[in-house]
Amino acid sequence: MKFLWVLTLLLLLALTGMIVRTVRSERRLREQNRRLEEVIWGTNAGTWEWNVETGETMFNARWAEILGYTLDEISPKTAATVRALAHPDDMKRFDRMVVHCFRHESETYECELRSRHKNGHWVWVLDWGRVVEWTPDGRARRMSGTRQDITVRKEAEALLAGEKERLHTIFELMPIGIVLIDRGGRVVECNSAAVNMLGIARAQSLYRSITGPGWSAFRPDGEAMAPRHYAGLRALAEQRPLHHRSMEVRGPRGSLWLRVSATPLDHPRYGVVITHSDVTAQRDADARLRLAASVLGQASEGIVVTGADGRVVEVNDAFTAVTGYRRDEVQGKTLEIFESELHPREYFMGIRRAIRTHGHWHGELWSRRKNGEEYAAMLNVSAVRGLRGQTQNYVALLSDITALKRQQKQLEHIAYHDPLTDLPNRALFTDRLQQALAQCSRSGRQLAVAYIDLDGFKAVNDTHGHNVGDRLLVMIARRMRKVLREGDTLARLGGDEFAALLVDLDTAADCESVLGRLLQAAAEPVVVDELSLTISASIGVAPFIGGKLDPGLDAEHLMRHADQAMYLAKRMGKNAYRFFDAQACGG
């Protein structure tokens with residue numbers, strides 16, 4: 001019995017130890033999982049797991065977030081879904097690298113590819129993974145890995161590659177000779193201009209000493225120049241730049257005067273960069289630059305020069321005077337600096353389309369200066385093309401025509417408005433009436449013309465003078481304009497005669513309330529220089545019913561009918577309105 005008790009105790013102790021070890025193992029496992037999750041979170045990487053046999057996949061939230069989704073929005077979670085999101089041009093590379101892993105040709109899978117973001121653009125990602133489980137017969141069963149967003153890096157690489165290509169192109173196309181020597185004085189690189197200028201083939205120059213045969217140098221005084229005095233070797237020896245050193249070079253193509261500069265480089269391969277140019281060509285270039293600068297500086301028009309990409313590289317002082325923007329404030333920006341809300345977006349789209357299609361655009365636009373002030377400009381944009389027809393630059397000429405537009409607007413206003421009351425005159429009134437008649441003919445709506453003549457105005461004018469009469473006219477005009485509806489027009493036809501265009505009427509009777517207000521506005525006393533003046537108005541009304549009356553009725557006939565009705569109102573006692581009646585008016 002005692003033996004059984006001891007055995008039981010030993011079993012309990014063993015079991016307790018196993019439980020403790022299990023708990024500790026689970027704690028360590030949870031701690032490892034937590035640390036692993038923290039590491040993954042810290043790398044900002046998405047994780048994925050792919051069951052190769054079933055096609056099912058699992059992702060973490062970051063994997064979905066890279067593409068703008070939540071985990072719930074990605075369904076079904078299968079390899080087919082992942083392929084559908086990937087760019088089709090990248091799938092061959094993806095398949096090839098996965099096959100390498102499946103065939104044991106590569107331990108890990110690593111692939112850069114594009115996946116479509118939720119909002120439609122492409123995101124560059126780096127997928128890294130490995131087969132973590134194999135079937136007994138050696139086939140891949142399960143893969144796991146990570147995904148990182150490398151869009152920024154890929155964009156930077158593309159920019160760097162483009163910049164490298166651009167720099168290489170510039171290096172080759174530069175009109176000045178460029179030679180790079182190493183720290184031993186040997187030529188490492190030279191551009192086409194250097195080869196053409198010195199008349200020595202590139203293959204004969206590379207990796208040979210800069211002092212080698214082929215050409216000789218002389219000082220400006222005609223004495224031979226010792227090799228140690230060459231600008232490139234002096235800059236290398238003294239580790240300081242030397243600029244604009246003149247020298248005569250005698251080579252296969254005869255004598256040539258060069259202006260040479262040399263600058264030491266902190267580079268493992270290149271020791272010094274040497275540039276040289278024909279002094280005559282430089283003088284010509286300087287003269288052209290001085291002329292261009294003079295044109296830019298003295299031109300009364302604003303001048304904007306952009307690159308082929310449309311981004312500003314230069315502006316002149318006149319541009320700053322017109323727009324208020326300095327060169328540094330617009331440099332690198334596009335011609336969108338002229339765009340504003342003063343034109344619809346389609347207007348500027350048309351300008352850009354014309355420039356792309358035809359290479360030029362000419363026209364007027366309204367924009368805003370730096371301080372927000374509106375201005376009108378005459379803009380002329382033209383493409384500057386190279387020898388092969390490619391666009392190299394755009395030049396925009398800008399003229400400030402704000403004063404001209406204001407003067408034009410003022411002249412138009414004067415031409416169509418009464419100078420005393422600032423109301424529309426007969427010409428503008430007739431034009432608006434013609435437009436309203438055309439609209440009524442189409443819509444079937446009605447309008448009415450009210451011919452207004454002031455009763456007793458001549459007596460005021462004769463008694464108190466034209467100054468008082470004019471001020472009375474202005475005050476009566478303001479009152480009558482104020483009682484009209486929005487969309488109606490009040491015009492002064494001349495003297496004390498006015499006309500009102502009443503539009504958008506259902507019936508002719510709809511205008512009677514407006515007519516009553518016009519009579520009241522004219523009849524109320526007006527105080528001018530302490531004089532209380534009272535007059536009245538007689539109004540003749542000619543209605544027009546769209547599509548119902550004589551279709552040949554025009555503005556002139558309608559005005560004549562309203563005038564006839566006005567005289568009828570005067571004969572009936574004044575301070576009243578009368579509608580046109582052909583029988584009553586004798587017409």
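The values are calculated or read from the model by the stated rules, or taken from the named source; none is laboratory data. Every value quoted in this text rests on a predicted model; they were computed, and no experiment measured them. Positions of Cβ are generated from backbone atoms using ideal geometry, with glycine treated the same way; all protein chains shown enter the neighbour counts. The protein model used for the area step is the full one, side chains on, heavy atoms only, and it has no ligands, DNA or RNA in it. Shrake-Rupley method; radii C 1.70, N 1.55, O 1.52, S 1.80 Å.
Only one entry in LEU493, LEU473 is assigned to a strand (DSSP E or B), out of contact with any Leu (no Cβ under 6 Å at 6 or more places or on another chain) and modelled with pLDDT of 90 or more, namely LEU493. Of the residues making up segment 438-457, just one is at pLDDT 90 or above and either open to solvent by 60 Å² or more (accessible area, probe 1.4 Å) or within 46 Å of the chain's Cα centre (by Cα) (or both), namely LEU447.
Does ALA321 satisfy the condition of being among the small types (Gly, Ala, Ser) and open to solvent by 40 Å² or more (accessible area, probe 1.4 Å)? Criteria met by ALA321.
If the condition is being part of a helix (DSSP H, G or I) and either in contact with a helix residue (DSSP H, G or I) (Cβ under 7 Å, 6 or more places away or on another chain) or closer than 23 Å to GLU412 by Cα (or both), then segment 425-452 contributes ARG426, ALA427, LEU428, PHE429, THR430, ASP431, ARG432, LEU433, GLN434, GLN435, ALA436, LEU437.
In segment 224-235, the residue that is nearest to TYR270 (Cα to Cα) out of those that are open to solvent by 30 Å² or more (accessible area, probe 1.4 Å) and not small (Gly, Ala, Ser) is LEU233. If the condition is being open to solvent by less than 60 Å² (accessible area, probe 1.4 Å), of a type outside the set (Gly, Ala, Ser) and not in a loop (DSSP other than H, G, I, E, B), then segment 134-168 contributes MET143, THR146, ARG147, THR151, LYS154.
The set of residues in segment 250-266 being farther than 11 Å from VAL279 by Cβ, part of a strand (DSSP E or B) and in contact with a strand residue (DSSP E or B) (Cβ under 8 Å, 6 or more places away or on another chain) consists of ARG250, GLY251, SER255, SER261, ALA262, THR263, PRO264. Taking LEU289, is it at pLDDT below 85 and out of contact with any Pro (no Cβ under 9 Å at 6 or more places or on another chain)? It is true that LEU289 is at pLDDT below 85 and out of contact with any Pro (no Cβ under 9 Å at 6 or more places or on another chain). For ARG485, the test of being part of a helix (DSSP H, G or I) and open to solvent by 10 Å² or more (accessible area, probe 1.4 Å) is failed.
Every residue, every condition in (1) open to solvent by 70 Å² or more (accessible area, probe 1.4 Å); (2) under 35 Å from the mean Cα position of the chain (by Cα); (3) farther than 14 Å from VAL52 by Cβ, yes or no:
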site: GLY68; (1), (2), (3): no, yes, yes
site: LEU71; (1), (2), (3): no, no, yes
site: ALA79; (1), (2), (3): no, no, no
site: VAL82; (1), (2), (3): no, no, no
site: ALA86; (1), (2), (3): no, yes, yes
site: ASP90; (1), (2), (3): no, yes, yes
site: ARG96; (1), (2), (3): yes, no, yes
site: ARG103; (1), (2), (3): yes, no, no
site: THR108; (1), (2), (3): no, no, yes
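When we screen LEU519, LEU501 for residues that are part of a strand (DSSP E or B) and at pLDDT 90 or above, the only hit is LEU501. In the condition set (1) open to solvent by 50 Å² or more (accessible area, probe 1.4 Å); (2) in contact (Cβ under 8 Å) with a residue 24 or more places away in the chain; (3) not β-branched (Val, Ile, Thr), MET58 is compliant with all but (2). Checking each residue in segment 366-388 for being open to solvent by less than 40 Å² (accessible area, probe 1.4 Å) and either among the hydroxyl-bearing types (Ser, Thr, Tyr) or free of Cβ contacts under 8 Å to residues at least 12 places away in the same chain (or both) picks out SER367, GLY372, TYR375, GLY386.
Of the residues making up segment 341-365, those that are exposed (fewer than 13 other Cβ atoms within 10 Å of the Cβ) and under 13 Å from the mean Cα position of the chain (by Cα) number 4.
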